[in-house]
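Novice: This is the structure, below, for whatever I ask next.
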Amino acid sequence: MRKKLVRAAACVLSASALLTACSSGETQEAVDLTSLTLDEIIAGAQEEGEIASVGMPDDWANWAGSWQAISDTYGISHTDSDMSSAEELSTFENEKDAPTKDIGDVGQAFGPMAVEMDVVQPYKASTWDSIPDWAKDPDGKWTISYLGTMSSLQNIDNIGSPITTWQELADSDCLVTIGDVVRGASSQMAVLSCAYALGGGIDNIDPAIEFFKQLAEEGRLDTADYSQERMARGEVDLYLHWDYQTLRYRDMTLETNPDANLECHIMQDGPIQSGYCLLINKYAPHPHAAALAVEYLLSDEGQIDRARGYARPIREDVEIPAELQESMIDNSEYEDTIPLTDNDAVSEICTEIATRWEEEVIPLMG
C-alpha cells in the first residue's frame with residue numbers, strides 16, 4: 001500500500017477544514033531546526049534515541065538500508081507505519097496534540113500540499129545546494145530525495161515479446177495490471193505516461209482516458225494489487241509501476257523462481273519521471289532525529305542507498321557504483337525521460353486523473 005495520490009477531496013481532507021483545525025487547541029512547539037549546527041542536531045537526536053516514520057517501509061527504495069545505517073552510526077532506533085501520502089499528512093494533522101510520527105516520504109504533488117496545510121517544519125541538509133531548485137521547497141519544508149521513471153514488469157512467457165511503448169500495448173492482447181488509480185500515485189502516473197505517449201500531457205489526459213476506457217471494455221484492466229504469488233500463478237502479464245519497484249519485484253520473483261522469464265522496460269513513448277519528498281512533521285516528538293535522518297538521506301551514502309533500491313538519486317553529483325548500474329534497466333532507455341518539475345500542475349492533473357478514472361473508467365470494468 002504505498003505512494004498513492006488521492007483525489008483532492010480525499011487527499012487534502014478538505015484543506016480549509018484542516019487549516020481551520022490548525023488554529024485551535026494546544027500544539028507542541030516546533031524546534032527551530034534551521035538554527036542548529038549539525039553537531040547540535042546529532043547530540044539532540046542521540047538524546048531522543050528514536051525516530052518514527054510514515055510511508056517509509058523497508059522494502060521501498062531500500063529504506064531498510066538507510067534506517068540500519070542510521071541505527072548503526074548514531075544508535076537511533078526506528079519504526080515505520082506504512083500509509084499513503086494523503087494519510088501521512090492527515091496523521092501529522094490529526095495527531096498534533098499528541099504526536100507520534102516524525103518524518104514522512106510523500107508523492108511529489110504532496111510536498112506543496114503539506115506546506116499549505118502547515119503540517120511540516122523546515123530543515124535544509126548540508127547538501128542543499130546540490131539539489132535542483134525545482135526539487136525542493138525554498139524554505140526547506142520538503143525536499144525530493146529520489147526519482148522514478150514509469151516502467152513495466154513483463155511476464156514474457158505470457159505476452160511473447162517485450163512491450164516498450166503504449167502503442168505496442170494497445171496492439172497486444174495482454175492484461176494490464178495498473179493498481180488503484182483513484183488512490184495510487186504510481187497508478188496515476190501510469191495514466192499520465194499514457195497521455196504523453198498518445199499526444200496529450202500534463203494539461204490533457206483525454207487520450208489516456210479513452211485508451212483505458214477501451215481496455216476496460218475489452219476486459220484487459222487489472223486493478224488488483226501486484227504480488228509475487230499472482231505473478232507465479234501467471235495472473236500478471238504486464239505490471240505498470242516505477243522502475244525501482246518493477247526491478248525489485250523482478251529480483252524477488254527470480255530469487256524464488258530462477259526460471260521465470262521476466263523483463264523490465266521503460267515505456268519509451270511516455271517515460272515520465274517523478275519524485276518523492278522528504279518532510280518533517282511540524283509537531284515531531286523527535287525533531288532532531290528527523291533532521292538527522294534528512295541529513296543522512298541526502299548525503300552521498302543516503303543517496304547511494306536509494307540507488308541500491310533501484311531509485312535515481314536526486315543529486316546528480318553522486319556517482320552510482322558500477323555494480324549497481326549493471327543491474328538496472330539499460331541507460332539507453334532513459335534518454336528521452338520527461339521530468340515532471342511543475343509540482344502544482346502534477347497535483348492538479350492527478351486530481352483530474354483520479355476523478356475521471358472513477359467516473360469514466362471504473363463503470364466500464366463490469
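The values are calculated or read from the model by the stated rules, or taken from the named source; none is laboratory data. What you are looking at is a predicted structure, and each value in this text was computed from that prediction instead of being measured. All Cβ positions, even for glycine, are placed from backbone atoms using ideal geometry, and neighbour counts span all protein chains on display.
Novice: When only residues in region 57-76 that are within 12 Å of Ala293 (Cα to Cα) and under 17 Å from the mean Cα position of the chain (by Cα) count, which is surrounded by the most Cβ atoms within 10 Å (Cβ to Cβ)?
Specialist: The selected residue is Ser66.
Novice: Take the conditions touching a helix residue (DSSP H, G or I) at 6+ places or on another chain (Cβ under 7 Å) and part of a helix (DSSP H, G or I) and apply them to Glu301. Does it pass? Step through it out loud before you land on a result.
Specialist: Numbers: touching a helix residue (DSSP H, G or I) at 6+ places or on another chain (Cβ under 7 Å): yes; part of a helix (DSSP H, G or I): yes.
The answer is yes for Glu301.
Novice: Please name all residue pairs, on different chains or six or more residues apart, with Cβ atoms under 6 Å, provided the first residue is in region 271-297 and is without any contact (Cβ under 8 Å) to a residue 12 or more places away in the chain and farther than 30 Å from Leu198 by Cβ and the second residue is in a strand (DSSP E or B) and of a type in the set (Asp, Glu).
Specialist: From residues that are without any contact (Cβ under 8 Å) to a residue 12 or more places away in the chain and farther than 30 Å from Leu198 by Cβ, there are no pairs.
Novice: Mind checking whether some residue in region 201-222 is of a type in the set (Gly, Ala, Ser), assigned by TED's automatic domain parsing to the domain that holds Ala345, buried (at least 16 other Cβ atoms within 10 Å of the Cβ) and part of a strand (DSSP E or B)?
Specialist: yes
Novice: Looking only at residues in region 58-86 that are in contact with a Ser or Thr (Cβ under 9 Å, 6 or more places away or on another chain) and not small (Gly, Ala, Ser), which one is farthest from Tyr296 (Cα to Cα)?
Specialist: Looking at residues that are in contact with a Ser or Thr (Cβ under 9 Å, 6 or more places away or on another chain) and not small (Gly, Ala, Ser), I get Met83.
Novice: Would you check if there is a residue in region 34-47 being in a loop (DSSP other than H, G, I, E, B) and modelled with pLDDT under 95? Please lay out each step first, then the result.
Specialist: Our first condition is that a residue be in a loop (DSSP other than H, G, I, E, B); within region 34-47, this holds for 36-37.
Remaining after also requiring modelled with pLDDT under 95: none.
No, that holds for no residue.
Novice: Does region 232-239 contain any residue that is aliphatic (A, V, I, L, M), without any contact (Cβ under 8 Å) to a residue 60 or more places away in the chain and over 21 Å from Ala345 (Cα atoms)?
Specialist: Let us first name the residues in region 232-239 that are aliphatic (A, V, I, L, M), namely 232, 236, 238.
From the residues that got through so far, the ones that are without any contact (Cβ under 8 Å) to a residue 60 or more places away in the chain too are 232.
So of that shortlist, the ones also over 21 Å from Ala345 (Cα atoms) come out as 232.
Yes, region 232-239 contains at least one residue that is aliphatic (A, V, I, L, M), without any contact (Cβ under 8 Å) to a residue 60 or more places away in the chain and over 21 Å from Ala345 (Cα atoms).
Novice: Just one of the numbered conditions (1) closer than 30 Å to Glu333 by Cα; (2) in contact with a Cys (Cβ under 6 Å, 6 or more places away or on another chain) is not true of Asp133; which one?
Specialist: Here Asp133 meets the rest and fails (2).
Novice: Enumerate the pairs (first residue in region 330-341 and assigned to a loop (DSSP other than H, G, I, E, B); second residue anywhere and surrounded by fewer than 16 Cβ atoms within 10 Å (Cβ to Cβ)) with beta-carbon separation below 6 Å, excluding pairs fewer than 6 apart on the same chain, so at least 6 apart or on different chains.
Specialist: Hits for this filter: Thr341/Trp134.
Here is a yes/no grid of residues against (1) of a type outside the set (Gly, Ala, Ser); (2) assigned to a strand (DSSP E or B); (3) surrounded by 15 or more Cβ atoms within 10 Å (Cβ to Cβ):
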{"position": "Gln273", "(1), (2), (3)": "yes, yes, yes"}
{"position": "Ala307", "(1), (2), (3)": "no, no, yes"}
{"position": "Glu316", "(1), (2), (3)": "yes, no, no"}
{"position": "Ser347", "(1), (2), (3)": "no, no, yes"}
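Novice: In this structure, does Ile156 turn out to be surrounded by fewer than 16 Cβ atoms within 10 Å (Cβ to Cβ), β-branched (Val, Ile, Thr) and more than 20 Å from the chain's Cα centre (by Cα)?
Specialist: Numbers: surrounded by fewer than 16 Cβ atoms within 10 Å (Cβ to Cβ): yes; β-branched (Val, Ile, Thr): yes; more than 20 Å from the chain's Cα centre (by Cα): yes.
Yes: the conditions hold for Ile156.
Novice: Let me ask something additional. Evaluate region 144-164: report whether one residue or more is part of a loop (DSSP other than H, G, I, E, B), closer than 15 Å to Leu221 by Cα and modelled with pLDDT of 95 or more.
Specialist: No, region 144-164 has no match at all.
Novice: OK, next. Among the residues of region 169-192, is there at least one that is assigned to a strand (DSSP E or B) and not assigned by TED's automatic domain parsing to the domain that holds Tyr283? Don't jump to the end; show me each part of the working.
Specialist: Quick first cut of region 169-192, residues assigned to a strand (DSSP E or B) only: 176-177.
Right, trim to not assigned by TED's automatic domain parsing to the domain that holds Tyr283 and you get 176-177.
Taking every residue of region 169-192 in turn, at least one turns out to be assigned to a strand (DSSP E or B) and not assigned by TED's automatic domain parsing to the domain that holds Tyr283.
Let's see how each residue does on (1) assigned to a helix (DSSP H, G or I); (2) within 28 Å of Pro99 (Cβ to Cβ):
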{"site": "Tyr226", "(1), (2)": "no, no"}
{"site": "Met252", "(1), (2)": "yes, no"}
{"site": "Pro258", "(1), (2)": "no, no"}
{"site": "Asp269", "(1), (2)": "no, no"}
{"site": "Tyr276", "(1), (2)": "no, yes"}
{"site": "His288", "(1), (2)": "yes, yes"}
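Novice: Could I ask something else about it? How many residues, within region 133-143, are under 18 Å from the mean Cα position of the chain (by Cα) and assigned to a loop (DSSP other than H, G, I, E, B)?
Specialist: So the first thing to find is which residues in region 133-143 are under 18 Å from the mean Cα position of the chain (by Cα), and the list is 134-137, 141-143.
Those still in the list that are assigned to a loop (DSSP other than H, G, I, E, B) too: 137, 141-142.
Total meeting the criteria: 3.
Novice: Any idea how many residues of region 114-136 are at negative phi, surrounded by fewer than 21 Cβ atoms within 10 Å (Cβ to Cβ) and of a type outside the set (Gly, Ala, Ser)?
Specialist: Residues meeting the conditions: 10.
Novice: A follow-up question, please. Go through Glu348, Glu360 for me and flag whichever is within 28 Å of Glu210 (Cβ to Cβ) and at pLDDT 95 or above. Break it down into steps so the answer makes sense when it comes.
Specialist: Working: Glu348 fails: at pLDDT 95 or above.
Among Glu348, Glu360, only Glu360 is within 28 Å of Glu210 (Cβ to Cβ) and at pLDDT 95 or above.
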